Amino acid sequence: MAETQTQHANAATKNTTETQPVNRIHMAEGKENVNHNGGSKIVEMDEQSSDLKIGETCLVRRTNDTWHNAEIVQTRSNEMEGGRREFYVHYKGLNRRMDEWIGTEKLNIVQEPSETKAGESAVIFDDQPDRKITRNQKRKHDEINHVQKSYAEMDPTTAALEREHEAITKVKYVDRVQIGRYEIDSWYFSPFPEDYGKQPRLWICEYCLKYMKFEKTFRRHLGECIRRQPPGREIYRKGTISVYEVDGRDHKIYCQNMCLLAKLFLDHKTLYFDVEPFLFYVLTEVDRQGAHLVGYFSKEKESPDGNNVACILTLPPFQRKGYGKFLIAFSYELSKYEGTVGSPEKPLSDLGKLSYRSYWSWVLLEILRDFKGTLSIRDLSNMTSIAQNDIITTLQSLNMVKYWKGQHVICVTPKLVEEHLKSAQYKRPRLTIDTSSLRWAPPRKANNKIVKTKK
């Protein structure tokens, strides 16, 4: 099927089939500008327009019924909710994934917010307001909410880059997306073009990834779209699991739309439109209706840094089902076929770090448990296609490597290996690769040899 979403300038595109209602944006100086956004009036408040000002901190009631210090970042009048007034808030000390649009019913403008130190998570338990939080409770709370480092805890270069990145992607206008049978809350800003990027909600076809502003357009498209699987070539099929290889050069619009969708759930992602140098490996669940999008990873056709993954994502409805580690394992299986070692492009998301560390640990522990004899880190790298630096950091986290006489030495006992393998964190993945179901051969290259990296 021809691509249904036409390319726009340097980006993805504008749908010309949709009727675009006119809304007015109220600017801070009191003037009105016309905007064809069909969704929300973005209100930039001045000091006299409201009791609550952008930049102020107040208490906000979260979905777990706790009150949390939050900064007001932006406001809007949501026309899709009958003109409901909403505030975009950032919870102090928490990952920006938790930022959200809320109504006035969740704000506490009577009680003064408490002072918090940089990097701390300010939470007040509603049922026991006078009880102090223990260190263990705070640690568990911070892990659940992915509390991020403060700028003071970062090196100057990283802090400067983080400030610049935050300024560009500060407000997440697209609140949720409908894709397939799932309505998914978005986590981060994504640069959908023109007025699509200011819609509180987008509808996305799970087969061709065309995005739409209106449900009626979405329903009409579902009746017209003839695609029932990703473009490209199916290279893996095992039961209901299928993987397609999609070339960014041959299916540019599809891959651009995939990147825009992925950015809603990935903070540090910069590739949106220059997709031609990349291959996309799209994971799907197959039933009678078609191949339903689960997740994907992309990789450069030629990576000077030896990366075997540029970007990786499992959509939220499919997380914690083993698909993330399946994608990771798949990327390393391709590296084995290529005869190379590889590593994911950094930085990884917090969830990505956990998934990779868990996968690396399981692979290495399985080898160390069954292997008899002497193994070097280089040997492990050649056996697994995992980069030596990733092996070293993983073994260090397991307390299985020491630095001795200028080199890293594996120090392990059978008892230590078994203790780790009993942990739920390092158990066998639910989904593993059946290589007999993989129909793929690496592209021919001039130098297709194992990449040797220094210890």
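The values are calculated or read from the model by the stated rules, or taken from the named source; none is laboratory data. Everything numeric here is computed off the predicted structure, so don't read it as measured data. Heads up, the Cβs are rebuilt from the backbone with ideal geometry, glycines too, and the neighbour counts pull from every protein chain shown.
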For this session: Tell me, please, whether a residue that is surrounded by 15 or more Cβ atoms within 10 Å (Cβ to Cβ), modelled with pLDDT of 95 or more, of a type in the set (S, T, N, Q) and in a strand (DSSP E or B) can be found in the range 227-235.
Result: no
Problem set entry | Subset of the range 173-219 (residues that are of a type in the set (K, R) and without any contact (Cβ under 8 Å) to a residue 40 or more places away in the chain) | R176, R181, K216, R219
For this session: Report, by residue number, each residue of the range 382-424 that is on the phi > 0 side of the Ramachandran plot and surrounded by 13 or more Cβ atoms within 10 Å (Cβ to Cβ).
Result: S385
Exercise. Only one residue in K31, K106, K92 is basic (K, R), more than 30 Å from V275 (Cβ to Cβ), surrounded by fewer than 19 Cβ atoms within 10 Å (Cβ to Cβ) and at pLDDT 50 or above, so which one is that?
Worked result: K106
Exercise. Would you say R85 is within 29 Å of L351 (Cα to Cα) and either in a helix (DSSP H, G or I) or over 25 Å from the mean Cα position of the chain (by Cα) (or both)?
Worked result: no
For this session: Answer yes if at least one residue in the range 280-295 is in contact with a Leu (Cβ under 6 Å, 6 or more places away or on another chain), within 15 Å of G180 (Cβ to Cβ) and assigned to a helix (DSSP H, G or I), and no otherwise.
Result: no
Seminar exercise, completed: When the range 185-200 is checked residue by residue, the ones that are surrounded by fewer than 18 Cβ atoms within 10 Å (Cβ to Cβ) and within 14 Å of the chain's Cα centre (by Cα) are D185
For this session: Kindly check whether there is at least one residue in the range 350-360 that is outside any helix (DSSP H, G or I), at pLDDT 95 or above and within 25 Å of T435 (Cβ to Cβ).
Result: no
Exercise. Which condition does L315 not pass, out of (1) modelled with pLDDT of 95 or more; (2) under 20 Å from P443 (Cβ atoms); (3) not hydroxyl-bearing (S, T, Y), if it passes all the others?
Worked result: (2)
For this session: Confirm whether P317 is within 22 Å of R181 (Cβ to Cβ) and in contact (Cβ under 8 Å) with a residue 24 or more places away in the chain.
Result: yes
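Going by the conditions given, is S303 part of a strand (DSSP E or B) and either aromatic (F, W, Y) or out of contact with any Pro (no Cβ under 8 Å at 6 or more places or on another chain) (or both)?
When the stated conditions are applied, S303 does not pass them.
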For this session: List every residue pair whose Cβ atoms lie under 7 Å apart, where the two residues are 6 or more positions apart in sequence or sit on different chains, the first residue falls within the range 408-420 and is farther than 14 Å from K372 by Cβ and without any contact (Cβ under 8 Å) to a residue 12 or more places away in the chain, and the second residue, located anywhere, is not in a helix (DSSP H, G or I) and not acidic (D, E).
Result: V409/V401; V409/K402; C411/M400; C411/V401; C411/K402
Seminar exercise, completed: E300: passes all of (1) within 24 Å of R228 (Cα to Cα); (2) surrounded by fewer than 21 Cβ atoms within 10 Å (Cβ to Cβ) but (1)
